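Here is the structure we will look at.
Nothing in this text is a laboratory measurement; each read-out follows from the coordinates by a stated rule. On a predicted model such as this, the values are computed, not experimentally measured, just so you know. All Cβ positions, glycine included, derive from the backbone under ideal geometry; neighbour counts span all protein chains shown.
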């Protein structure tokens with residue numbers, strides 16, 4: 001990552017951090033931040049990186065996969081998580097989506113297991129997923 005592209009990715013990751021903190025506090029991803037950030041990520045990818053197609057396909061793939069999970073889970077995963085997954089997919093591109101989602105769900109699962117074992121959460125308690133999606137996106141970007 002060089003120059004303006006690196007700055008844009010850092011801004012996008014910082015926005016994911018803001019969304020994650022908000023989600024940790026409220027268990028909601030704020031549409032007022034998520035939607036503009038998604039538009040910004042998609043437009044920036046087209047204008048600056050020349051990888052616009054990868055960003056759009058990444059957003060679509062992450063959205064479709066997490067939407068399917070949200071529908072199958074019958075409310076265990078929220079639509080805010082689906083929208084943030086699309087944002088993360090736009091940031092990492094289509095090639096990065098499998099790694100990003102795998103990291104997010106594995107780390108979320110491990111943390112959930114630890115919380116269960118420590119009896120800090122019950123089986124039916126919700127946890128914020130967007131911090132893990134953001135972490136998955138950040139790690140994927142760093143490793144790419």
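Tell me, what is a quarter of the convex hull surface for the C-alpha atoms of the chain, in nm² with one decimal?
Working: hull surface 32.0 nm².
Its Cα hull, projected and averaged over all orientations, spans 8.0 nm².
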For the chain, built as a Gaussian network whose Cα springs stay under 10 Å, the top-fluctuating residue of 55, 68, 45: 68
Relative to the chain, whose Cα atoms define the longest principal axis, helix 130-143 and its Cα axis are tilted in degrees, nearest 10, by 40 degrees
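Sorting 43, 107, 84 on the 10 Å Cβ count, fewest up front, what's the list?
43, 107, 84
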